[in-house]
Amino acid sequence: MRWHKRGDTFAGYAFIAPWLAGFVVFTLGPMVVSFGASFSSWTMLSPPTWVGAENYQRMVSDDPLFTASLLNTAYYAAVSVPLGTVLALLLALLLHRRLPGMGMFRTVFFLPSITNLVAVSILWIWIFNPEYGLLNGALRLVGLGAPLWLQSETWAKPALILMSLWSVGGSMVIFLAALQGVPPELYEAAALDGAGPMHRFFAITIPMISPAIFFSVVVGLIGGFQVFTQAFVMTGTAQPGTEGGPNNATLFVVLYLYKKAFQEFKIGYASALAWVVFFLILVFTQLQRRFARKWVYYESGEQ
């Protein structure tokens, strides 16, 4: 029996060996190198020099662009994640109905979430064009003002947040699956007790799909802290080093990390930025897990 267990263990490790090799080479290894590099001054053109915590100290006390990028990222995540979650839930509630052709509508709303983000960003550059863009054209038709969007310090971040709502299809599918898992007898019992639609929604639907909401918020927040492609493509220009929008309005932390690493070749400082982003994501994820005990309901009774 013991021999069989050892054989099964060996077979299991053999099956996952390709993944383990990829993890060590492409994930764990670069993380270790990056952590070491964060305590050094390294331009890739010369050997790294140990500087201790100087990169982190300079980041906090002598780098206004880091502070600006951190505030921009926090603003983007704090607004886009709740809006995206609410919109995805509303779409899931609409598409949960049993009507003819509903499968086609589900596909249409889901497709944007799997579209290449660079292509989507180029499309939205045209939509946000202040002169002949589709969005401002619609606003002019109804007599509203036409913002400069990506060319405005005030409207650049709201424009990217509006664009983020384009890809809520992934969360919508998760909510739709969660809604289909709610026992219909709960609604029937509540209706017999005189509960109205809104009461049933907040007393039954929200608690029953709360694990899906929690998952969507956590994943959305992680993605919000790593926003990069749309800011790089939509607010960059043909001249390197000018990404970040008007007056650095869309200079997010990961975009700033990219500029430091691949434009200024300050690998040590960029590595320190990467570990700060990792730490922030870890802290906020743990905070969400702690607060989730108060509102996330699991059928097994664990909260």
Take the conditions in a helix (DSSP H, G or I), within 18 Å of M172 (Cα to Cα), modelled with pLDDT of 90 or more and touching a helix residue (DSSP H, G or I) at 6+ places or on another chain (Cβ under 7 Å) and apply them to F105. Does it pass? no
Which numbered condition trips up Y76, out of (1) surrounded by 16 or more Cβ atoms within 10 Å (Cβ to Cβ); (2) outside any helix (DSSP H, G or I)? (2)
Based on what the data block shows, is Q226 polar (S, T, N, Q), surrounded by 14 or more Cβ atoms within 10 Å (Cβ to Cβ) and within 27 Å of the chain's Cα centre (by Cα)? yes
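I'd like to verify a number: residues in the stretch 146-156 that are assigned to a helix (DSSP H, G or I) and surrounded by fewer than 21 Cβ atoms within 10 Å (Cβ to Cβ), how many?
Matching residues across the stretch 146-156 total 1.
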Cβ-Cβ distance below 8 Å, separation of 6 or more or different chains: which pairs start in the stretch 210-236 with a residue that is within 26 Å of W149 (Cβ to Cβ) and modelled with pLDDT under 95 and end on one that is assigned to a loop (DSSP other than H, G, I, E, B) and charged (D, E, K, R)? A231/E243; F232/E243; T235/E243; G236/E243
Just to be sure I understand, how many residues within the stretch 158-182 are within 15 Å of the chain's Cα centre (by Cα), touching a residue at least 12 places away in the same chain (Cβ under 8 Å) and assigned to a helix (DSSP H, G or I)? 11
Can you find a residue in the stretch 20-40 that is surrounded by 11 or more Cβ atoms within 10 Å (Cβ to Cβ), closer than 14 Å to A270 by Cα and in contact with a strand residue (DSSP E or B) (Cβ under 8 Å, 6 or more places away or on another chain)? yes
Can you find even one residue in the stretch 139-150 that is of a type outside the set (K, R) and either touching a residue at least 60 places away in the same chain (Cβ under 8 Å) or under 23 Å from L94 (Cα atoms) (or both)? yes
Between A178, A203, A212, A191, which is closer than 21 Å to K294 by Cα, exposed (fewer than 15 other Cβ atoms within 10 Å of the Cβ) and small (G, A, S)? A203
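Give T43, T115 a once-over and let me know the one that is among the hydroxyl-bearing types (S, T, Y), touching a Phe, Trp or Tyr at 6+ places or on another chain (Cβ under 6 Å) and either at pLDDT below 90 or surrounded by fewer than 18 Cβ atoms within 10 Å (Cβ to Cβ) (or both).
Matching residue, one of T43, T115: T43.
The values are calculated or read from the model by the stated rules, or taken from the named source; none is laboratory data. Since the model is a prediction, treat every value here as computed from it, not as a measurement. All Cβ positions, even for glycine, are placed from backbone atoms using ideal geometry, and neighbour counts span all protein chains on display.
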